[in-house]
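Structure first, commentary second.
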Amino acid sequence: MSGQKPVTLSPDGIAASVKAAKTKGLPPVHLWNPPFCGDLDIRIAKNGSWSYLGSPINRFELVKLFSSILKKEGEKYYLVTPVEKVGITVEDAPFVAVDFDAVGEDEAQSLTFTTHVGDTATAGPDHPIRIVIDSTTEEPSPYVLVRANLEARIDRKSFYRLVDIATHKDRWFGVWSDGQFFPLIRSEDLTD
């Protein structure tokens, strides 16, 4: 016997592993490469809500803890601890940007987004904003990179606020943040 405790494939087991390895700030999931233990029926819905076996996870502290150990490899999402990696389902993006603060104007502007779990990211070269246009409905879906390959979908009210502060540059309508211009739509495609 090695003296190690067996790994329990459950949300409670994952939470216990993370709490045991907890350090200040976000856990270093980029350094953790444990063996894959299988998929767990945890789902992050498009609106950012989490569920386990179809039941909502209502404890904010647990959702925040799980979001801190989220990792994306290729197109798949995992919860990762030092000793286990389990696959989960993410319907769209794992985070929702529910607000942002704008400081400065034009090229000197800085946009800092806050997610539904309290993460912040200032849009710029390391945290780009991108827009995906639905080919059927032509509705825009805006995203901002929060950390390590993990994006937040920018909620509707925040997107409308972005449009309110947007400007034209090189035939694009978009926003400045951290010295970078992020196009939202072609100027010629704007309608009154």
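The values are calculated or read from the model by the stated rules, or taken from the named source; none is laboratory data. All values reported here derive from a predicted model rather than from experimental measurement. All Cβ positions, glycine included, derive from the backbone under ideal geometry; neighbour counts span all protein chains shown. Just so you know, the surface numbers come from the protein's heavy atoms only, side chains and all, with ligands and any DNA or RNA stripped out. Shrake-Rupley method; radii C 1.70, N 1.55, O 1.52, S 1.80 Å.
Based on this model, can you work out whether residue 95 counts as surrounded by 17 or more Cβ atoms within 10 Å (Cβ to Cβ), without any contact (Cβ under 8 Å) to a residue 60 or more places away in the chain and closer than 25 Å to residue 157 by Cβ?
Working: surrounded by 17 or more Cβ atoms within 10 Å (Cβ to Cβ): yes; without any contact (Cβ under 8 Å) to a residue 60 or more places away in the chain: yes; closer than 25 Å to residue 157 by Cβ: yes.
The answer is yes for residue 95.
Which one of these is of a type in the set (Asp, Glu), at pLDDT 95 or above and under 20 Å from residue 92 (Cα atoms): 151, 139?
151
Evaluate the following for residue 187: is it over 18 Å from residue 128 (Cβ atoms) and open to solvent by less than 60 Å² (accessible area, probe 1.4 Å)?
Values: over 18 Å from residue 128 (Cβ atoms): yes; open to solvent by less than 60 Å² (accessible area, probe 1.4 Å): yes.
Judged against the criteria, residue 187 is a match.
Taking the stretch 148-180 on its own, how many of its residues are exposed (fewer than 12 other Cβ atoms within 10 Å of the Cβ) and in contact (Cβ under 8 Å) with a residue 60 or more places away in the chain?
Going through the stretch 148-180 one residue at a time, the tally reaches 2.
Tally up the residues in the stretch 41-61 that are in contact with a Phe, Trp or Tyr (Cβ under 8 Å, 6 or more places away or on another chain) and either among the hydrophobic types (A, V, I, L, M, F, W, C) or crowded, with 16+ Cβ neighbours inside 10 Å (or both), please. Lay out the reasoning, then the answer.
In the first step, residues of the stretch 41-61 are kept if they are in contact with a Phe, Trp or Tyr (Cβ under 8 Å, 6 or more places away or on another chain); the result is 41-44, 48, 50, 56-57.
Those still in the list that are either among the hydrophobic types (A, V, I, L, M, F, W, C) or crowded, with 16+ Cβ neighbours inside 10 Å (or both) too: 42-44, 48, 50, 57.
Residues in the stretch 41-61 being in contact with a Phe, Trp or Tyr (Cβ under 8 Å, 6 or more places away or on another chain) and either among the hydrophobic types (A, V, I, L, M, F, W, C) or crowded, with 16+ Cβ neighbours inside 10 Å (or both): 6 in total.
For the stretch 62-92, give me the residue count where each residue is in a strand (DSSP E or B), open to solvent by less than 20 Å² (accessible area, probe 1.4 Å) and of a type in the set (A, V, I, L, M).
Of the residues in the stretch 62-92, 5 are in a strand (DSSP E or B), open to solvent by less than 20 Å² (accessible area, probe 1.4 Å) and of a type in the set (A, V, I, L, M).
So for the stretch 134-147 (the condition being β-branched (Val, Ile, Thr) and open to solvent by less than 20 Å² (accessible area, probe 1.4 Å)), does at least one residue qualify?
Yes, the stretch 134-147 has at least one match.
Every residue in the stretch 100-121 that is in a strand (DSSP E or B) and more than 13 Å from the chain's Cα centre (by Cα), please.
Hits for the stretch 100-121 are 100, 101, 102, 103, 110, 111, 112.
Scan the stretch 29-40 for residues that are of a type in the set (A, V, I, L, M) and surrounded by 15 or more Cβ atoms within 10 Å (Cβ to Cβ) and jot them down.
Once the filter is applied, which keeps residues that are of a type in the set (A, V, I, L, M) and surrounded by 15 or more Cβ atoms within 10 Å (Cβ to Cβ), the stretch 29-40 yields 29, 40.
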